[in-house]
Amino acid sequence: MSEPIVLIEKWGEIATVTLNRPDALNALSAGLREGLATAFEELATDEGTRVVILTGAGRAFCAGVDLKELGKRGATGYGSSGTTIELDPVRAMAKLPQPVIGAINGFAVTGGFELALACDLLIASTEARFSDTHARVGILPGWGLSQRLCRAIGIYRAKELSLTGNYLDAARAYEWGLVSRVVEPGDLLPTCNELAGDMISCDPRTLQSYKQVIDDGFSVAFGDALALEGRASREHARSVRAEDVEQRRTHIQERGRKQSENG
């Protein structure tokens, strides 16, 4: 019996989602897109999962939409404007209340690049490579790459990548601010799990609310974003109890002392 094309492993409050078509460089077939969307929809309502890690099996994170399949079916239905939710993993990811850490283990190309950009933060292996080949294939992105990439690394660098299709290696991706860290391949998942553990140590409801207010504010003008933050802060503050703050203060002080001793 063959393995599923989407693997979900849960360790405590961390769920690791793995694209599992290594022989096809985890190319996004219709089946894989549907499997990912379904996995994200299920995790969105899983109160036992606090953080999600997304990665790929083998030497690629994701080589993009399956071009063999696209060559047979055409581009109709690719992208968020003409597809059902079952085939749109990025839209399903956007509905996850939990933070998503992208563990970029290898090639993240075109649609795979879009999946990476939909994560909340990216940790890259030294083997990671990013590329946007939409213009070379002859299609336009439909999962947000044209807008997210320029906001992440600047419009001119984004145009350099998207209008050439050239590769961006892990070191340059870090230099340009696309990824938070670059680590050796064997350290990739341990590093992501460590970060996930740091997130889990935060107040659960505040963690999700903070992610949401950052995302909501990022999509509007700066003045509107400040007003949005103010409304969210006031609403959240109504449910905060003094005794909870005092308990967390003690925990924060203890954690700070440990980090200082280990630093």
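Throughout, read-outs are computed from the coordinates displayed, never taken from laboratory work. Because the structure is predicted, anything quoted here is derived from the model rather than measured. Counting neighbours? That spans all protein chains shown, and the Cβs are built from the backbone with ideal geometry, glycine included.
Add +1 for every Lys or Arg and -1 for every Asp or Glu among the other residues with Cβ under 13 Å from the Cβ of E114, and state the total.
Once positives and negatives cancel, what remains is +1.
Tell me whether segment 107-263 comes out rounded, prolate or oblate; compute the Cα gyration tensor, take square roots of the eigenvalues as a ≥ b ≥ c, and use a/c under 1.5 as the rounded threshold.
Here segment 107-263 falls in the oblate category.
Most fluctuating residue of N166, N26, N105 in a GNM of the chain with Cα springs under 10 Å: which is it?
Highest fluctuation of the listed residues: N166.
Give the lysines reachable from K10 as a straight Cα distance under 27 Å; neighbours fewer than 8 places away on the same chain don't count.
Straight-line reach from K10, under 27 Å: K95, K211.
Under 8 Å for C-alpha pairs, at least 6 residues apart: give me the relative contact order for segment 97-223, rounded to a whole percent.
28
Find the centroid of the Cα atoms in segment 127-168 and in segment 184-246, then give the distance between the two in whole Å.
The distance from the Cα centre of segment 127-168 to that of segment 184-246 comes to 28 Å.
For segment 130-142, in order, what is each residue's ³J(HN,Hα) by Karplus, 6.51 cos²θ - 1.76 cosθ + 1.60 with θ = phi - 60°, in whole Hz (x at glycine and Pro)?
In residue order, the calculated couplings are 10, 7, 10, 10, 3, 5, 6, 6, x, 10, 9, x, x Hz.
Of A232, A158, A128, which is the most mobile in a GNM of the chain whose springs link Cα atoms less than 10 angstrom apart?
For the chain, modelled as a Gaussian network with Cα springs under 10 Å, the answer is A232.
Using the Cα gyration tensor of segment 164-215, with a ≥ b ≥ c the square roots of its eigenvalues, what is the shape: rounded (a/c below 1.5), prolate (a/b larger than b/c) or oblate (neither)?
Oblate, because a/c is 1.5 or more while a/b does not exceed b/c.
Among all the lysines, which ones have a C-alpha under 24 Å from K258's C-alpha, if same-chain residues fewer than 8 places away are not counted?
none
Find the relative contact order for the chain and round it to a whole percent, using C-alpha pairs within less than 8 Å whose residues are 6+ positions apart.
15
Pull up the cross-link candidates among the aspartates and glutamates for K68, meaning alpha carbon to alpha carbon under 14 Å and not fewer than 8 places away within one chain.
D23
Based on Cα positions only, what radius of gyration and what Dmax would you give for the chain, in angstroms?
Every Cα atom of the chain included, Rg and Dmax give 19.2, 62 Å.
Relative to the longest principal Cα axis of the chain, at what angle does helix 30-44 sit, 0 to 90 degrees, rounded to 10?
So the helix axis and the longest Cα principal axis differ by about 10 degrees.
Can you tell which of R21, R234, R157 shows the greatest fluctuation in a Gaussian network model of the chain with Cα springs below 10 Å?
R234
Non-local amide H neighbours of L54 (under 5 Å, H modeled in plane, Pro and chain starts lacking H): which ones?
Amide H neighbours of L54: V17, I101, G102, A103.
Please give the helix 188-200 orientation as an angle from the longest Cα principal axis of the chain, in degrees from 0 to 90, rounded to the nearest 10.
Once rounded, one gets 40 degrees.
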